[in-house]
Amino acid sequence: MKIHEFQAKEILQKFGVPVPSGKVATSPSDARSAAEELGGKVVVKAQIHAGGRGKGGGVKLAGDAGEAEQHASDILGMQLVTHQTGPEGQKVKQVLIEEATDIDRELYLGIVLDRATSKLVVMASQAGGMDIEQVAAETPEKILKETIDPAVGLQPFQARRLAFGMGLEGDAFKEGGRLIMALAKAFEATDSSLFEINPLVVTGDNHLIALDAKINFDDNALYLHKDLQELRDLDEEAALEVEASKYELNYIKLDGEVGCMVNGAGLAMATMDIIQYAGSSPANFLDVGGGTNVERVRNAFRILISDEDVKAVFINIFGGIVRCDRVAQGVVEALGDLEVNVPIIIRLQGTNAPEGATILKESGLEFTVAMELKEAAGAVVEAVKAA
Ligand code: ADP
Ligand code: MG
């Protein structure tokens, strides 16, 4: 789960990480009064769940409260496009009004899971403020790493080593060690999956402050954190993905033309591969999970076809725990309730596959039933071409 910058900063501040004073505003006049409170010289920052806002015109410096009001009125309501939003962008509904910081240097600090070692790693770099992906690709030697041993946690000497590596001196060096330790503590306490402070700033008077903050929580641990769940902003998430999560369905929007209903992530991958191989591409995939029932299949189907990009639906289910007759029943019931104008190709294999096939046949509805995966994919691509 992603959260906004201002929410991430509130969390970090509680753990002792210094952040600029700021206030959220949802109207230009609120922005003006926030700016007045903060002393006039402020930065107006679009709050969306994507980075790269600065380059996209979503972060603007204001010399006084009047200018802050003007920037807020330009930014609020805009469709902000960054390299992380996709071409349609994301609508800005709130801005963070933050005191302008006197920046000497911009650094990078992050914590992520290193899947190769199955451990958390703290990353630091003097090349802050820009895309860390680009730094990693072009000048990997500029990224310093310290692995966190899960048995003992991040050690102060590791934090100091990173602070030293970032070229910090004097006060900033001392603060750096403390800040990195605080960050590791916050990460663990919130069961996060990603922390990114980009930039971490050395101010003109040699102090450290987190100027940007990005936090992703680990969805699998969210049930432990009622308070963090409340930070969720559904407006920032794809509408159909939100709808799917209500029924515990795993739905991912993609940019092709075939709607895919599958059970299990492995089968989802294989299904997407075979569709690509046959010459088309998936518009989404919807994983109904292992132990599904008629109700879930019905909801899944409804969500799948409400995606306007879908030109054909491919239902590819392997009945291991789930029985094919139940899936067939769900599909037939869903089609009874819904108006479906796209061709449907179904492949049901495994437990009770013949019973499933009979239900489909006796329903009198129109499907293409395929037994083999390759045959099914061929039928899907033909259906898309005909559409
Ligand atoms: P994003 O990463 O989405 O572009 P940031 O919060 O990193 O957004 O802001 C982009 C840039 O704007 C920063 O690298 C920094 O140079 C500047 N900036 C952001 N917040 C402030 C602030 N409070 N004071 C001064 N400059 C800021
Ligand atoms: Mg940033």
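The values are calculated or read from the model by the stated rules, or taken from the named source; none is laboratory data. As the structure is a prediction and not an experimental result, all values here were calculated from the model. Methodologically, a virtual Cβ is constructed for each residue, glycine included, from the backbone with ideal geometry; neighbour enumeration extends over all protein chains shown. For the accessible areas, the whole protein counts, side chains as well, though only heavy atoms, and no ligand, DNA or RNA atoms are used. Shrake-Rupley method; radii C 1.70, N 1.55, O 1.52, S 1.80 Å.
List of remarks:
- Whichever residue in segment 6-48 is of a type in the set (D, E, K, R) and buried (at least 21 other Cβ atoms within 10 Å of the Cβ) and, among such residues, is nearest to ligand 2 (Cβ to nearest atom): Lys45
- Residue-level analysis places Thr139 among those that are β-branched (Val, Ile, Thr) and either within 16 Å of ligand 2 (Cβ to nearest atom) or more than 22 Å from the chain's Cα centre (by Cα) (or both).
- Residue list for segment 185-238, filter: open to solvent by 10 Å² or more (accessible area, probe 1.4 Å), in contact (Cβ under 8 Å) with a residue 24 or more places away in the chain, of a type in the set (Gly, Ala, Ser) and not in a helix (DSSP H, G or I): Ser192, Ser193, Gly204
- Test result for Val122, under 24 Å from the mean Cα position of the chain (by Cα), away from ligand 2 (no atom under 16 Å from the Cβ), farther than 17 Å from Ala8 by Cα and among the hydrophobic types (A, V, I, L, M, F, W, C): yes
- On inspection, Leu154 fails the criterion of being in contact (Cβ under 8 Å) with a residue 40 or more places away in the chain and of a type outside the set (S, T, N, Q).
- Restricting segment 49-58 to residues that are buried (at least 19 other Cβ atoms within 10 Å of the Cβ) and closer than 16 Å to Ile97 by Cβ, the residue that is farthest from ligand 1 (Cβ to nearest atom) is Gly58.
- Condition met for Ala65 (more than 14 Å from ligand 1 (Cβ to nearest atom), of a type outside the set (D, E, K, R) and over 25 Å from the mean Cα position of the chain (by Cα)): yes
- Within segment 216-248, the only residue that satisfies the criterion of being within 16 Å of ligand 1 (Cβ to nearest atom) and touching a strand residue (DSSP E or B) at 6+ places or on another chain (Cβ under 6 Å) is Asn216.
- Positions within segment 41-89 being among the small types (Gly, Ala, Ser), touching a Pro at 6+ places or on another chain (Cβ under 9 Å) and closer than 17 Å to Pro20 by Cα, in sequence order: Ala68
- Yes/no for Leu61 being aliphatic (A, V, I, L, M) and within 20 Å of Val202 (Cα to Cα): yes
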